[in-house]
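Novice: Mind looking over this structure? Questions follow.
The values are calculated or read from the model by the stated rules, or taken from the named source; none is laboratory data. Keep in mind that this is a model prediction, so the values were computed, not measured. Positions of Cβ are generated from backbone atoms using ideal geometry, with glycine treated the same way; all protein chains shown enter the neighbour counts.
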Amino acid sequence: MQEKLKKIREEAMAQIDHAEVLDRLNDVRVSFLGKKGELTQLLKSMKNLAPEERPAFGQMVNETRAQIETHLEKAMKVLEEKALEQQLKAEEIDVTLPAKKNPVGHRHPNTIAREEVERIFIGMGYEVVEGPEIEYDLYNFEKLNIPANHPAKDEQDTFYINKDIVLRTQTSPVQARVMEQGKLPIRMICPGRVFRSDEVDATHSPSFHQIEGLVVDKNITFADLKGTLEQFAKEMFGENTRTKFRPHHFPFTEPSAEVDVSCFKCGGKGCRFCKGSGWIEILGCGMVHPHVFEMCGIDPKEYTGFAFGVGLERIALLKYEIDDMRLLYENDTRFLKQF
Amino acid sequence: MNTTLSWLKAYVPELNVTAQEFTDAMTLTGTKVEGFTEADRDLENIVIGQILKIEPHPDADKLVVCQVDIGKGEPTQIVTGAPNVAVGQKIPVVLDGGRVAGGHDGKLTEGGIRIKKGKLRGVESNGMMCSIEELGSTRDLYPEAPENGIYIFPEDAVVGSDAIEALGLHDVTFEFEITSNRVDCFSVLGIAREAAATFGKEFVPPVVKETGNGEDVHDYVKVTVKDPDLCPRYTARVVKNIKIAPSPKWMQRRLAAAGIRPINNIVDITNYVMEEYGQPMHAFDYDTLAGHEIVVRRAAKDEMFTTLDGQQRKMDENVVMICDGEKSVGIGGIMGGENSMITDDVKTMLFEAACFDGTNIRLSSKRIGLRTDASAKFEKGLDPNNAEAAINRACQLVEELGAGEVVGGMIDVYTTRKEPVRISFEPEKINAYLGTDISENDMIRYFQKIDLIYDAKAREVIAPTFRHDLFRTADLAEEVARFYGYDNIPTTLPSGEATAGKLPFELRVREMAEDVAEYCGFSQGYVYSFESPKVFDKLLLPEDSPLRNAVKIQNPLGEDFSIMRTTPVNGMLTSLAFNYNHRNKDVRLYELGNVYLPKALPLTELPDERMQLTLGFYGEGDFFVMKGVVEELMERLGIMDRLTYDPSDKKPFLHPGRQADICLGKEKIGYLGEVHPTVAASYGIGEKAYLAVLDMPTVTKHASFDRKYEGITRFPAVSRDISMVVPRKVLAGQIEDVILQRGGKILESCRLFDLYEGVQIKPGFKSVAYSITFRAKDRTLEEADISAAMKKIWNGLEALGIEIRS
């Protein structure tokens, strides 16, 4: 019997060692360990043995079974790993085949620039305010110190609806509207669409966008204006951006300035973007004219303030190197997809 | 405003700066230099030569061989084809290695043309004789230069010396951008004053001497001003025994550099003084003035008048006319008349230097369609006190140039004298305004540099009348800031109460709309607010459509841009069509922009501006894809109430069977649909296109970013499928209404999973199947709960004429 047991074990071990596929191992399990398997049969034949021999024999059979099972499991693990390996190999793909995208749309460059400016000023404590695009002459001109027959009215080439109502030529009327409400102090920016009677070409559009800023409080100084815009320029165009304030004239500010920033393409060395000067004109600003305060019901002896205005398209065109303004209104997806 | 460095130097003799230094410094004190042109930038190695000998060229009929003295002892040989050379002439010669600005045809070459010695048809030539065009100028500016030939210097020119110098071409012309508040800087003297202050040099204006003979001008002419409000000052002087001749070279050069063509001494003097003082002048032929009288009055209605350019023009009663005893002889401040203009035979003339109301000149010149150098200056509003200085300067030049005999005295009709403005000087306020710490003395010094007078006793600053922009402390602060230097003002941030930065709710809603549209594949477009009234026909809108009530622009860029849009549809379709024409596939666009809905026409109050979100696409997708985008957006905006779709309002630009109003309860928030094939075709879109328009103010009213976690229930859901035969006209929305209303609290959701119309279904009916899910938050549902709910739903559906199959 022992001989037989040994033979079974050797036979089983050999078959396990020779099995090359998982199915074959299962066959081996069934043929040796299954209900009708050789080992089970052998165990059944134990009744032919003397009762005193049975426990020892039983133990031997069980040991053999355990040995076979252990060996079988090891072999299965090896074969399973091998099978997985083969499967993975078979599943290899060409990772350079084209991607399957869920196409996502693109923001307009104007909006990207506007949201960037908004983000910077909101961080500095400014509220975003909007105003009407069709506006009273009173707000667009008169309250901004541009009385009837002022040449600035011609210069701005205003679209008129009638003598009292215009398409706003600037976002500045929102300044007057906010000041009139009399809630002080004021820190606000106003993005919006404005209109001027310019024919459409590569650098002009009869409709474009501005962002207006206004701060009114006690003790606001021209130095505050400089500091604020300098910080804005650094955040908008990079930490190394320098600013240059040049005297200028706007009817609603005094003193007034135009602001250049060091060219963000060449860093100020001079390139085709800044036309070799190293500077790019970016916005107009100034201290709110005392007369504007008076017309909006704020006492200029108690309050001072500054205002600034920046052209959105100007920033978008410069920042993204767009060479033709018309592209902004054609909505060609080949253009829009680049942002 | 253009002027040359040399002219400025005439009044600021110590001004020794390069063009770039001048540009940078002037710009920083407020006189912006837009650019400059160096007249000699492409001229190099050009001297005055004298032709000693001319011989024919052995091999070319049209060429001659010249021996030219260039001041180097040995003459040099130059071959030329110029027709006007003669022995003894002094001419500009560019020597070997030098440069000229362009060709003799007047065409300039960037960087100039380098001239090298070489052989012309076998004969050696060591340079080139130059025409005025080759030197980069024109016969307009150098009227003495011959047409088609070499420029000839006068006999006193020095052989061997710099020809560019002799022509006055070592000069720079600056182009200034003068702001409207600085009328005084529309003159060479005004800019010179600023330049002197900027560079800390002395300003030396011309000394105007007393002029005139022993006679009295009042014996020659009488002046009456009928409308002093339109003509605050009128000065006049008389010059007799006029000798018309060319003006001297120095005057011609200065005028030429300012872009004014020299004509003769009298015309040149008036132009010269206009540039120098910024005061336009006019000269009348005294002998043509009837009654030797000047009357300044308004024109008669529809008066026809011939100006000195020979054009007949129609006046109106707001135009100021200069008249003699009988007739009009000039349009005040704009242009003189043909009937009184100076000719070559003039013997006696009347000089006029007047001041006209700027606004009236601007409007008049616009109405009659004539804008001149004079009107451009007057319309800015000139200082009447400048007129006297200017007319006396002109008379001084007449005497100096020997152009005539000036009659003594000046006629001056000056009704209301313009007085200087006094401004209280409060240096501490100026410093507080600027955020600086500038000393009082420095401030006073800045004022004095630009001729503002400091009255120490009154502690006042007196602004001269030519500075009509100075009234208050803020104005003085600007003057201080300019000369202290904007660059030197410190940079600080506003102190005081902190404020919270804020993006208002409607803008947050808009940003979310942008995000969702983009996630769904739509790119953002921008569209003009104005469009053509033809758009309404293109969109097939009926004549009585309220959308046709649009705000009209009085002065549009053209009919195509003449009305403010009342619908965003045209903009979207135009953009889609642009893409379709450029063969872009599967285009999805969105736009956020206002429509302008007038409350009444004509407009008496501002129209209702309503922000619209417009989505449009062609290519991949259908009606239900668009509907999905709308619902996705609503979900992200926290609008949890179910949207309903009402197909009953037929918009003519949409497919009649594929459109719906989008409603929230009873409120309409927008619409969507397939573009009507006729409309799509008229825009040139050759595929099916879809639109959705959402009224953002209404959407915003319902939107919310507040969220509350409701828990995830542990109890299982139970689903029931329901299969129906439905009359065709019953909409899925009606079935869902029944399910949602009757399903009770335990109803979680319902989902359409089958829809079939066809042969197996009886005509006029469709087969529809829904899967309905029930769930309770607090317990496991019992069969009884579900059958009760299903029973209610069945009953409701049967009431719609629906047969339940299972």
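Novice: Among (1) free of Cβ contacts under 8 Å to residues at least 60 places away in the same chain; (2) surrounded by 17 or more Cβ atoms within 10 Å (Cβ to Cβ); (3) part of a loop (DSSP other than H, G, I, E, B), which single condition is B:D156 missing?
Specialist: (2)
Novice: When you scan the range B:658-675, do you find a residue that is modelled with pLDDT of 95 or more, exposed (fewer than 14 other Cβ atoms within 10 Å of the Cβ), in the same structural domain as B:Y590 (by TED's automatic domain parsing) and among the small types (G, A, S), even just one?
Specialist: No, the range B:658-675 has no match at all.
Novice: Same structure, new question: Collect the residues in the range B:70-92 that are part of a strand (DSSP E or B) and under 23 Å from B:E144 (Cα atoms), keeping them in residue-number order.
Specialist: Going residue by residue through the range B:70-92, those that are part of a strand (DSSP E or B) are B:76-80, B:90-92.
Selection gives B:T80, B:K90, B:I91, B:P92.
Novice: Please name all residue pairs, on different chains or six or more residues apart, with Cβ atoms under 7 Å, provided the first residue is in the range B:781-806 and is surrounded by fewer than 16 Cβ atoms within 10 Å (Cβ to Cβ) and the second residue is of a type in the set (S, T, Y).
Specialist: B:R805/B:S723; B:S806/B:S723
Novice: Also, quick follow-up: Take the residues in the range B:103-112 that are of a type in the set (G, A, S) and free of Cβ contacts under 8 Å to residues at least 60 places away in the same chain, then tell me which one is farthest from B:L52 (Cα to Cα).
Specialist: Taking the candidates together, the pick is B:G106.
Novice: Quick one: how many residues across the range A:211-263 are crowded, with 23+ Cβ neighbours inside 10 Å, closer than 21 Å to A:I112 by Cα and β-branched (V, I, T)?
Specialist: Within the range A:211-263, residues that are crowded, with 23+ Cβ neighbours inside 10 Å, closer than 21 Å to A:I112 by Cα and β-branched (V, I, T) number 1.
Novice: Quick test for you: out of A:E330, A:E313, A:E281, A:E235, pick the one residue that is more than 23 Å from A:I189 (Cα to Cα) and either within 31 Å of the chain's Cα centre (by Cα) or not assigned by TED's automatic domain parsing to the domain that holds A:F208 (or both).
Specialist: Numbers: A:E313 fails: more than 23 Å from A:I189 (Cα to Cα); A:E281 fails: more than 23 Å from A:I189 (Cα to Cα); A:E235 fails: more than 23 Å from A:I189 (Cα to Cα).
Every option except A:E330 fails the conditions.
Novice: Would you confirm whether any residue within the range A:90-98 is under 22 Å from the mean Cα position of the chain (by Cα), without any contact (Cβ under 8 Å) to a residue 24 or more places away in the chain and more than 30 Å from B:R182 (Cα to Cα)?
Specialist: At the first step, the residues of the range A:90-98 found to be under 22 Å from the mean Cα position of the chain (by Cα) are none.
Within the range A:90-98, not a single residue is under 22 Å from the mean Cα position of the chain (by Cα), without any contact (Cβ under 8 Å) to a residue 24 or more places away in the chain and more than 30 Å from B:R182 (Cα to Cα).
Novice: Return the only residue of B:D437, B:D442 being surrounded by fewer than 16 Cβ atoms within 10 Å (Cβ to Cβ), within 12 Å of chain A (Cβ to nearest Cβ) and free of Cβ contacts under 8 Å to residues at least 60 places away in the same chain.
Specialist: Numbers: B:D442 fails: within 12 Å of chain A (Cβ to nearest Cβ).
The unique qualifying residue is B:D437.
Novice: Which pairs do you get when a residue that is modelled with pLDDT of 90 or more, found in the range B:692-719, comes within reach of a residue that is acidic (D, E), reach meaning Cβ atoms under 6 angstrom, with the pair 6+ apart or on two chains?
Specialist: B:T700/B:E506
Novice: Tally the residues that are more than 7 Å from every other protein chain (Cβ to nearest Cβ), free of Cβ contacts under 8 Å to residues at least 60 places away in the same chain and more than 20 Å from A:I120 (Cβ to Cβ), restricting the search to the range B:488-534.
Specialist: 6
Novice: Moving on. Out of the range B:303-323, which residues are in a loop (DSSP other than H, G, I, E, B) and buried (at least 23 other Cβ atoms within 10 Å of the Cβ)?
Specialist: Filtering the range B:303-323 for residues in a loop (DSSP other than H, G, I, E, B) gives B:303, B:308-311, B:315-319.
Answer for the range B:303-323, where residues must be in a loop (DSSP other than H, G, I, E, B) and buried (at least 23 other Cβ atoms within 10 Å of the Cβ): just B:V319.
Novice: If the Cβ limit is 8 Å and pairs must be 6+ apart or interchain, which residue in the range B:404-427 that is touching a residue at least 60 places away in the same chain (Cβ under 8 Å) pairs with which residue that is among the basic types (K, R) and part of a loop (DSSP other than H, G, I, E, B)?
Specialist: B:G404/B:K243
Novice: Output the residue which, of all residues in the range B:22-51 that are part of a helix (DSSP H, G or I) and in contact with a helix residue (DSSP H, G or I) (Cβ under 9 Å, 6 or more places away or on another chain), is nearest to B:Q89 (Cα to Cα).
Specialist: Step one: filter the range B:22-51 for residues part of a helix (DSSP H, G or I), giving B:22-28.
Those left that are additionally in contact with a helix residue (DSSP H, G or I) (Cβ under 9 Å, 6 or more places away or on another chain): B:22, B:25-26, B:28.
Numbers: B:F22: 39, B:A25: 44, B:M26: 43, B:L28: 48 Å.
Only one residue tops the list, namely B:F22.
Conditions (1) in contact with a strand residue (DSSP E or B) (Cβ under 9 Å, 6 or more places away or on another chain); (2) assigned by TED's automatic domain parsing to the domain that holds B:Q279; (3) surrounded by 17 or more Cβ atoms within 10 Å (Cβ to Cβ); (4) over 14 Å from B:K209 (Cβ atoms), marked per residue:
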{"residue": "B:D373", "(1), (2), (3), (4)": "no, yes, no, yes"}
{"residue": "B:F378", "(1), (2), (3), (4)": "yes, yes, yes, yes"}
{"residue": "B:Q396", "(1), (2), (3), (4)": "yes, yes, yes, no"}
{"residue": "B:A403", "(1), (2), (3), (4)": "yes, yes, yes, yes"}
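Novice: Then there's this: Quick one: would you say B:G593 is in contact (Cβ under 8 Å) with a residue 12 or more places away in the chain and under 30 Å from A:K153 (Cα atoms)?
Specialist: yes
Novice: Let me ask something else about it. For the condition more than 28 Å from B:G103 (Cβ to Cβ) and away from every other protein chain (no Cβ under 14 Å), what is the one hit in B:E21, B:E55, B:E38, B:E44? Give the steps one after another, and end with the answer.
Specialist: Working: B:E55 fails: more than 28 Å from B:G103 (Cβ to Cβ); B:E38 fails: more than 28 Å from B:G103 (Cβ to Cβ); B:E44 fails: more than 28 Å from B:G103 (Cβ to Cβ).
Only one candidate qualifies: B:E21.
Novice: Same structure, new question: If you take the residues in the range B:405-426 that are at pLDDT below 95 and among the basic types (K, R), which one is surrounded by the fewest Cβ atoms within 10 Å (Cβ to Cβ)?
Specialist: Result: B:R417.
Novice: Take B:T473 and decide whether it is surrounded by 19 or more Cβ atoms within 10 Å (Cβ to Cβ) and either outside the structural domain of B:G381 (by TED's automatic domain parsing) or more than 26 Å from A:Y303 (Cβ to Cβ) (or both).
Specialist: Values: surrounded by 19 or more Cβ atoms within 10 Å (Cβ to Cβ): yes; either outside the structural domain of B:G381 (by TED's automatic domain parsing) or more than 26 Å from A:Y303 (Cβ to Cβ) (or both): yes.
For B:T473, the condition - surrounded by 19 or more Cβ atoms within 10 Å (Cβ to Cβ) and either outside the structural domain of B:G381 (by TED's automatic domain parsing) or more than 26 Å from A:Y303 (Cβ to Cβ) (or both) - is met.
Novice: Something else now. Going residue by residue through the range B:127-146, is there one that turns out to be within 30 Å of B:E194 (Cβ to Cβ), of a type in the set (A, V, I, L, M, F, W, C) and outside any strand (DSSP E or B)?
Specialist: Among the residues of the range B:127-146, at least one is within 30 Å of B:E194 (Cβ to Cβ), of a type in the set (A, V, I, L, M, F, W, C) and outside any strand (DSSP E or B), which makes the answer yes.
Novice: Moving to a separate point now. Mind telling me which of the residues B:V12, B:V17 ends up being at negative phi and under 33 Å from the mean Cα position of the chain (by Cα)? Step through it out loud before you land on a result.
Specialist: Numbers: B:V12 fails: under 33 Å from the mean Cα position of the chain (by Cα).
Only one candidate qualifies: B:V17.
Novice: Take the range B:544-589 and flag every residue that is away from chain A (no Cβ under 11 Å), under 31 Å from the mean Cα position of the chain (by Cα) and hydroxyl-bearing (S, T, Y).
Specialist: Passing the criteria: B:T566, B:T567.
Novice: Of A:N110, A:N149, which residue is at positive phi and either within 7 Å of another protein chain (Cβ to nearest Cβ) or outside any helix (DSSP H, G or I) (or both)?
Specialist: That would be A:N149, the only listed residue that is at positive phi and either within 7 Å of another protein chain (Cβ to nearest Cβ) or outside any helix (DSSP H, G or I) (or both).
Novice: Would you point out which residue out of A:D260, A:D201 is among the acidic types (D, E) and in contact (Cβ under 8 Å) with a residue 40 or more places away in the chain? Quick ask: steps written out before the conclusion?
Specialist: Values: A:D260 fails: in contact (Cβ under 8 Å) with a residue 40 or more places away in the chain.
None of the others qualify; the one that does is A:D201.
Novice: Residues in the range A:185-205 that are at the interface with chain B (Cβ under 7 Å from one of its Cβ atoms) and buried (at least 23 other Cβ atoms within 10 Å of the Cβ): how many? Walk me through how you get there before you give the answer.
Specialist: Filtering the range A:185-205 for residues at the interface with chain B (Cβ under 7 Å from one of its Cβ atoms) gives A:185, A:187, A:193, A:197, A:199.
Now restrict to residues that are buried (at least 23 other Cβ atoms within 10 Å of the Cβ): A:187.
The total comes to 1.
Novice: Quick one: which of B:V480, B:V461 is within 12 Å of chain A (Cβ to nearest Cβ), surrounded by 20 or more Cβ atoms within 10 Å (Cβ to Cβ) and at pLDDT 95 or above? Can you show your working first?
Specialist: Working: B:V461 fails: within 12 Å of chain A (Cβ to nearest Cβ).
None of the other options fit; the residue is B:V480.
Novice: Next question, about the same structure. Can you tell me which residue among A:K101, A:K47, A:K4, A:K36 is farther than 30 Å from A:G309 by Cα, loosely packed, with under 14 Cβ neighbours inside 10 Å, within 14 Å of chain B (Cβ to nearest Cβ) and modelled with pLDDT under 90?
Specialist: On the way: A:K47 fails: within 14 Å of chain B (Cβ to nearest Cβ); A:K4 fails: within 14 Å of chain B (Cβ to nearest Cβ); A:K36 fails: within 14 Å of chain B (Cβ to nearest Cβ).
The match here is A:K101.
Novice: Which of the residues belonging to the range B:342-390 are in a helix (DSSP H, G or I), away from every other protein chain (no Cβ under 14 Å) and either in contact with a helix residue (DSSP H, G or I) (Cβ under 8 Å, 6 or more places away or on another chain) or among the small types (G, A, S) (or both)?
Specialist: Quick first cut of the range B:342-390, residues in a helix (DSSP H, G or I) only: B:358-367, B:373-378, B:385-390.
Then keep just the ones that are away from every other protein chain (no Cβ under 14 Å); that gives B:373-374, B:385-390.
Within the range B:342-390, B:D373, B:A374, B:N386, B:A387, B:A389, B:A390 meet the criteria.
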